[in-house]
Every structure is written in structure tokens, then in C-alpha cells.
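J.: Before we start, here is the structure in question, set down as C-alpha cells.
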Amino acid sequence: MASIYQINKGVSKPIMFKGLKAQYIAYLAIGLVLLLIAFAILYISRVNLFIILPVVVGTGTAIFMITFRLSQRFGEHGLSKFIAKRNLPTCLKFRSRQLFIKLKSK
């Protein structure tokens, strides 16, 4: 008798939602929560609603566009690799050979 096993396909695939990959879903969520908080602060401070709405709609559109563009350009891990590569030094300068001499004597 053959046992019936359930096959879990795609276990190691990255999370995807409407074209957003991996951490970009969190970036979009954090941006929208901050936008909601900004709207609440402006509304409570009695700024005119005709000023608040275009600012919130424009900022929300910008958040969506930037997040989707980053997701499409860099992919799942590309943004962190891009930032890490920018932080690498272009060259290393040693003013003394003492470091290497001490390594050789050990």
C-alpha cells in the first residue's frame, strides 16, 4: 500500500503580493501607516482638509510608485546588496608594513 504524502511545492519561494516581493511589502505597509499617522496629526491640528487631501494622496501615490519601482528594479535581495556594495571601500591603504610582518612571525 502506497502512503499518501502531501507535497509542499514552493516552500522556499519568496512572498509575493501583487508584484511586490519580500521586504517591499513591509516597506509599503510602513509607509502607509506613517501616512495615516501624518493625516491624523494634520487633521487634529485643524489644517484645512483641502490642503491635507492632495498632500496625502500625492504622498501615497509616490510611496506606491517608489516601492513598486524598487521591487521591480532590485528584486528580493537586490536592494540590500546594492546598499552593501555602496558601503565597500574602493581601496585599502596601509602606511606601515608592521601588520604583515607581525603576521609572518606568528
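The values are calculated or read from the model by the stated rules, or taken from the named source; none is laboratory data. These figures come from a predicted structure and were not determined experimentally. All Cβ positions, glycine included, derive from the backbone under ideal geometry; neighbour counts span all protein chains shown. What goes into the accessible areas is simple: the full protein's heavy atoms, side chains included, and nothing from ligands, DNA or RNA. Shrake-Rupley method; radii C 1.70, N 1.55, O 1.52, S 1.80 Å.
J.: Show that you can apply the helix-only estimate: for the chain, add -39,500 (n - 2.57) for every DSSP H stretch of four or more residues, divide by all residues, and state [θ] at 222 nm to the nearest 500.
T.: Details: 4 runs with 64 residues, N = 106.
Using -39500 (n - 2.57) per qualifying helix, the result is -20000 deg cm²/dmol.
J.: Note the count of lysine pairs whose C-alpha atoms are less than 23 angstrom apart in the chain, limited to pairs 8 or more residues apart or on different chains.
T.: Taking the Cα cut-off of 23 Å, the pair count is 10.
J.: Put +1 on the Cβ of every Lys and Arg and -1 on every Asp and Glu Cβ in the chain; which of Ile51, Gln72, Gly19 then has its Cα farthest towards the positive end of the dipole?
T.: Most positive-ward Cα: Gln72.
J.: If you don't mind, there's one more thing I want to ask. Please give the per residue accessible area of the chain, computed with a probe of 1.4 Å over protein heavy atoms only, in Å².
T.: Values: 9730 Å² over 106 residues.
Dividing the accessible area of the chain by its residue count gives 92 Å².
J.: Angle check, please: helix 24-44 long axis (alpha carbons) against the longest principal axis of the chain (alpha carbons), in degrees 0 to 90, nearest 10.
T.: 40
J.: Project the alpha carbons of the chain onto their principal axes and report the range along each, largest first, in whole Å.
T.: Principal-axis extents of the chain (Cα, largest first): 74, 68, 24 Å.
J.: Please report the carbon-and-sulfur percent of the accessible area for the chain; probe 1.4 Å, protein heavy atoms only, DNA, RNA and ligands left out. Could you put the intermediate results ahead of the total?
T.: On the way: 6440 of 9730 Å².
Exposed carbon and sulfur together represent 66 percent of the surface.
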